1. Of the conditions (1) within 13 Å of chain B (Cβ to nearest Cβ); (2) modelled with pLDDT under 95, A:LYS138 satisfies every one except a single condition; which number is it?
2. For region A:88-113, give me the residue count where each residue is closer than 18 Å to B:ASP201 by Cα and either among the acidic types (Asp, Glu) or surrounded by 18 or more Cβ atoms within 10 Å (Cβ to Cβ) (or both).
3. Which members of region B:115-137 meet the condition of being in contact with a helix residue (DSSP H, G or I) (Cβ under 8 Å, 6 or more places away or on another chain), over 18 Å from B:ALA180 (Cβ atoms) and assigned to a strand (DSSP E or B)?
4. Restricting to region B:167-186, and then to whatever is more than 9 Å from chain A (Cβ to nearest Cβ) and in a loop (DSSP other than H, G, I, E, B), can you tell me which residue is surrounded by the most Cβ atoms within 10 Å (Cβ to Cβ)?
5. Residues to consider are B:VAL164, B:VAL148; find the one that is farther than 30 Å from B:ARG83 by Cα, out of contact with any helix residue (DSSP H, G or I) (no Cβ under 6 Å at 6 or more places or on another chain) and not in a strand (DSSP E or B).
6. I'm told A:SER104 meets every condition in (1) hydroxyl-bearing (Ser, Thr, Tyr); (2) more than 9 Å from chain B (Cβ to nearest Cβ); (3) touching a Lys or Arg at 6+ places or on another chain (Cβ under 7 Å) except one. Can you identify the failing condition by its number?
7. Consider B:GLU16 carefully, then state whether it is within 30 Å of B:ASP168 (Cα to Cα) and either among the aromatic types (Phe, Trp, Tyr) or at pLDDT below 90 (or both).
8. Is it the case that region A:204-218 has a residue that's over 22 Å from B:HIS199 (Cα atoms) and surrounded by fewer than 19 Cβ atoms within 10 Å (Cβ to Cβ)?
Protein chains: 2
Amino acid sequence: MVRGTRVIVKTTKIPEATIMRLAVYSRFLEHLRKHDTVTTSSGTIAEGAGVTPAQVRKDLAYFGEFGTRGVGYNVEELCGHIRRILGLNKKWPSVLVGAGKLGSALALYEGFNIRGFHIVGVFDVDPDPVGNRFGSIKVLPMEYLDEVIEKEQVQIGIITVPAVAAQDVGERLVEAGIKAILNFSPHVINLPVDIIVRHVDFSLHLEVLTFNLNSRRTIK
Amino acid sequence: MVRGTRVIVKTTKIPEATIMRLAVYSRFLEHLRKHDTVTTSSGTIAEGAGVTPAQVRKDLAYFGEFGTRGVGYNVEELCGHIRRILGLNKKWPSVLVGAGKLGSALALYEGFNIRGFHIVGVFDVDPDPVGNRFGSIKVLPMEYLDEVIEKEQVQIGIITVPAVAAQDVGERLVEAGIKAILNFSPHVINLPVDIIVRHVDFSLHLEVLTFNLNSRRTIK
């Protein structure tokens with residue numbers, strides 16, 4: 001295999017934590033690229049991402065051999081490889097259902113655009129927010145869901161409806177052809193096994209903080 | 001050591017992924033408790049949390065010995081232990097700075113209340129949202145920050161301001177006595193090393209989805 005020219009996803013199950021870290025490495029590599037850094041090391045990437053150099057090497061090893069011994073990694077190349085691993089060399093238009101406060105915050109979230117994600121449709125079951133505009137996007141009634149998903153070839157749905165409505169909206173998105181769902185509602189949803197569902201629970205992050213505040217002394 | 005009666009945080013560095021998983025296990029254990037389940041196994045917890053039984057045992061082993069061989073874990077007890085490990089047996093009032101769309105969504109986020117987190121103050125640098133109400137909380141100008149933090153003994157700050165303002169707000173919170181920060185702004189902030197900072201980047205979650213959608217076939 002020619003070093004660093006092909007990316008092969010092994011059949012081994014890749015831990016989700018590895019994927020999250022790759023996403024963090026790619027952010028750091030893009031930062032280096034912007035500052036015209038040409039080569040880097042696992043040590044530098046590790047420092048930038050807050051992990052160990054061994055972890056960086058182990059995470060990358062899932063996807064082939066990168067870098068050259070004694071020289072390190074070419075920033076531009078490695079950045080491109082990780083973007084391809086994460087699928088970021090393609091467009092992933094997404095739709096969002098739930099045009100309340102959280103939905104409108106996400107529809108306008110700067111972080112999505114920075115990473116190349118575009119929300120192409122915002123929907124609500126409630127007629128109230130329908131017609132509202134978030135930037136260039138107009139909130140549409142649910143009747144237009146299938147049309148937008150088909151026209152824009154959308155595979156990703158984002159759910160920001162209240163807990164009680166999450167399951168119904170999840171099913172509705174799957175019916176309309178959605179393959180992967182990011183669920184921001186504090187309610188776990190059950191969908192067919194071939195649908196990739198990720199549940200975002202903000203309080204998990206707070207619990208990492210309270211653990212750290214708390215563990216500054218022994219717990220009795 | 002009497003089994004399961006004391007929780008000791010070893011001096012070993014606990015991986016952050018372990019803490020995140022403990023938070024997930026505790027959610028599942030609470031679900032079991034609500035359904036009057038008395039004992040459970042690492043296999044059942046693993047299934048509920050989407051990990052392997054070995055992972056559950058390894059994560060718990062950082063904090064002592066729990067459960068009884070051949071019997072399993074007492075749901076109520078294990079739930080209590082994990083809550084104590086995460087510091088959830090204490091109150092952690094928090095303040096939020098940035099009363100825009102995301103800030104107001106978080107101030108009203110059902111998921112925080114479910115886990116016992118309470119936002120005791122919402123602040124904004126902009127006079128526009130000052131005076132608005134989110135449930136029982138009124139948005140206050142920044143001048144009241146120190147007073148609320150001192151009075152309510154707040155250690156946690158949540159930042160939901162635009163990227164350009166994040167660093168300033170972070171420094172302001174630290175000056176006011178905040179020890180841990182959850183940063184929702186898509187801008188990394190630099191603060192003294194003794195301050196615990198956690199950066200929430202919604203697009204990381206989307207990248208886990210695109211990785212999974214993409215890796216359904218080999219990447220060339």
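1. For A:LYS138, the failing item is (1).
2. Residues meeting the conditions: 15.
3. Correct list: B:ASP124, B:PHE134, B:ILE137.
4. If we filter region B:167-186 for residues that are more than 9 Å from chain A (Cβ to nearest Cβ), which is where we start, we get B:167-178, B:183.
Filter once more, keeping what is in a loop (DSSP other than H, G, I, E, B): B:176-178.
Numbers: B:ALA176: 17, B:GLY177: 14, B:ILE178: 24.
Looking at residues that are more than 9 Å from chain A (Cβ to nearest Cβ) and in a loop (DSSP other than H, G, I, E, B), I get B:ILE178.
5. Details: B:VAL148 fails: farther than 30 Å from B:ARG83 by Cα.
Being farther than 30 Å from B:ARG83 by Cα, out of contact with any helix residue (DSSP H, G or I) (no Cβ under 6 Å at 6 or more places or on another chain) and not in a strand (DSSP E or B) holds for just one of B:VAL164, B:VAL148, which is B:VAL164.
6. Tallying (1) hydroxyl-bearing (Ser, Thr, Tyr); (2) more than 9 Å from chain B (Cβ to nearest Cβ); (3) touching a Lys or Arg at 6+ places or on another chain (Cβ under 7 Å), A:SER104 fails exactly one: (2).
7. Working: within 30 Å of B:ASP168 (Cα to Cα): yes; either among the aromatic types (Phe, Trp, Tyr) or at pLDDT below 90 (or both): yes.
So B:GLU16 passes the test.
8. We begin by selecting, within region A:204-218, every residue over 22 Å from B:HIS199 (Cα atoms); these are A:217-218.
Narrowing the set further to residues that are surrounded by fewer than 19 Cβ atoms within 10 Å (Cβ to Cβ) leaves A:217-218.
Scanning region A:204-218 turns up at least one residue that is over 22 Å from B:HIS199 (Cα atoms) and surrounded by fewer than 19 Cβ atoms within 10 Å (Cβ to Cβ).
The values are calculated or read from the model by the stated rules, or taken from the named source; none is laboratory data. A quick note: this is a predicted structure, and the numbers were derived from the prediction, not measured. Please note: Cβ atoms are built from the backbone with ideal geometry, for glycine as well, and neighbour counts cover all protein chains shown.
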